[in-house]
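Written below as structure tokens is the structure these notes are about.
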Amino acid sequence: IGWDTIMLGRHAAGESWAEGRIAMRTALRCNGQPLWIESAAFDAQSPVLNATTGMAGFHVVGTLWAVGEGATEALAESMAEHLPYNFDLRAGVTCLTQDAPGLPNVLLLRVLARRPEDARALLSQTWLALREPMHGVAGRPLRLWST
């Protein structure tokens, strides 16, 4: 189970992201085989950042992934019922099932937020909740999270 977030600008300091580009690539592999690959490019001047079908004005983006036998469509469906979708925080979950034998499924949680604290809270709560179904151990907050 892991996650990554980015924030475009320093909005708490009153600074929006006005110029520049960012490109990222995330790849999850098992025994050299791709399970999930994402490439993203953001341009500060792009209308997609504010488009309803784009980022809708959100400037915090997060992705959580969980890989293993516990990643099931049933788990994704049960999680979806409790995910927020409001003005400040939106999330969705999906399960990528693998066609090749021996490759694990991938559970993906995608988050859009206006405040990084909201994204972090949702991602950490989800990480804790997934520890049992994914690894068979109780979720406990990491000490690192409180620093």
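The values are calculated or read from the model by the stated rules, or taken from the named source; none is laboratory data. Quantities reported herein were computed from a predicted structural model and do not represent experimental measurements. For neighbour counting, all protein chains shown are included, and Cβ atoms are generated from backbone atoms with ideal geometry for every residue, glycine included.
I want to confirm something. Restricting to segment 41-69 and keeping residues that are in contact with a Pro (Cβ under 6 Å, 6 or more places away or on another chain) and among the aliphatic types (A, V, I, L, M), which single residue is farthest from D4 (Cα to Cα)? Steps first, please.
To start, the set of residues in segment 41-69 that are in contact with a Pro (Cβ under 6 Å, 6 or more places away or on another chain) comprises 60, 67-68.
Okay, now just the ones that are also among the aliphatic types (A, V, I, L, M), so 60, 67.
Details: V60: 11, V67: 15 Å.
Once the filter is applied, the top-ranked residue is V67.
Take the residues in segment 112-126 that are in contact with a Phe, Trp or Tyr (Cβ under 7 Å, 6 or more places away or on another chain) and either more than 14 Å from Y85 (Cβ to Cβ) or assigned to a helix (DSSP H, G or I) (or both); name whichever of them is modelled with the lowest pLDDT.
Step one: list which residues in segment 112-126 are in contact with a Phe, Trp or Tyr (Cβ under 7 Å, 6 or more places away or on another chain), which gives 112-114, 123-124.
Checking which are either more than 14 Å from Y85 (Cβ to Cβ) or assigned to a helix (DSSP H, G or I) (or both) leaves us with 123-124.
Working: L123: 97, S124: 94.
So, considering only residues that are in contact with a Phe, Trp or Tyr (Cβ under 7 Å, 6 or more places away or on another chain) and either more than 14 Å from Y85 (Cβ to Cβ) or assigned to a helix (DSSP H, G or I) (or both), the one modelled with the lowest pLDDT is S124.
Out of I22, I1, report the one residue that is surrounded by 10 or more Cβ atoms within 10 Å (Cβ to Cβ) and at pLDDT 95 or above. Talk me through it step by step, then tell me what you get.
Numbers: I22 fails: at pLDDT 95 or above.
Only one candidate passes the filter, namely I1.
Give the residue, chosen from S78, S16, S39, that is farther than 14 Å from L112 by Cα, hydroxyl-bearing (S, T, Y) and loosely packed, with under 10 Cβ neighbours inside 10 Å.
Answer to the check: S39.
Among the residues of segment 25-36 satisfying the criterion of being polar (S, T, N, Q) and exposed (fewer than 12 other Cβ atoms within 10 Å of the Cβ), which is farthest from the chain's Cα centre (by Cα)?
In this case the residue turns out to be N31.
For segment 30-86, name all the residues that are of a type in the set (D, E) and in contact with a strand residue (DSSP E or B) (Cβ under 8 Å, 6 or more places away or on another chain).
Of the residues in segment 30-86, the ones of a type in the set (D, E) are 38, 43, 69, 73, 77, 81.
Selection gives E38, D43, E69, E73.
I need a count of the residues in segment 73-101 that are in contact (Cβ under 8 Å) with a residue 40 or more places away in the chain and not in a strand (DSSP E or B). First the steps, then the outcome.
The initial filter retains those residues of segment 73-101 that are in contact (Cβ under 8 Å) with a residue 40 or more places away in the chain, namely 75, 79, 96, 98, 100.
This time we only want the ones that are not in a strand (DSSP E or B), so: 75, 79, 98, 100.
Count: 4.
Any residue at all in segment 116-123 that's among the basic types (K, R) and surrounded by 17 or more Cβ atoms within 10 Å (Cβ to Cβ)? Even if it seems obvious, please write down each step before you answer.
Filtering segment 116-123 down to residues among the basic types (K, R) leaves 120.
Checking the rest, the ones that are also surrounded by 17 or more Cβ atoms within 10 Å (Cβ to Cβ) come to 120.
So far as segment 116-123 goes, yes, one or more of its residues are among the basic types (K, R) and surrounded by 17 or more Cβ atoms within 10 Å (Cβ to Cβ).
Would you check which residues across segment 28-65 are in a strand (DSSP E or B) and over 23 Å from R120 (Cβ atoms) and list them? Don't jump to the end; show me each part of the working.
Start the filter on segment 28-65 by keeping residues that are in a strand (DSSP E or B), which leaves 28-30, 33-43, 60-65.
R29, C30, Q33, P34, L35, I37, S39, A41, D43 - these are the residues of segment 28-65 that are in a strand (DSSP E or B) and over 23 Å from R120 (Cβ atoms).
Can you pull out every residue in segment 1-27 that is part of a loop (DSSP other than H, G, I, E, B) and free of Cβ contacts under 8 Å to residues at least 24 places away in the same chain? Outline the logic, then answer.
First, pick out the residues of segment 1-27 that are part of a loop (DSSP other than H, G, I, E, B): 1, 8, 14, 17-20.
Once the filter is applied, which keeps residues that are part of a loop (DSSP other than H, G, I, E, B) and free of Cβ contacts under 8 Å to residues at least 24 places away in the same chain, segment 1-27 yields only G14.
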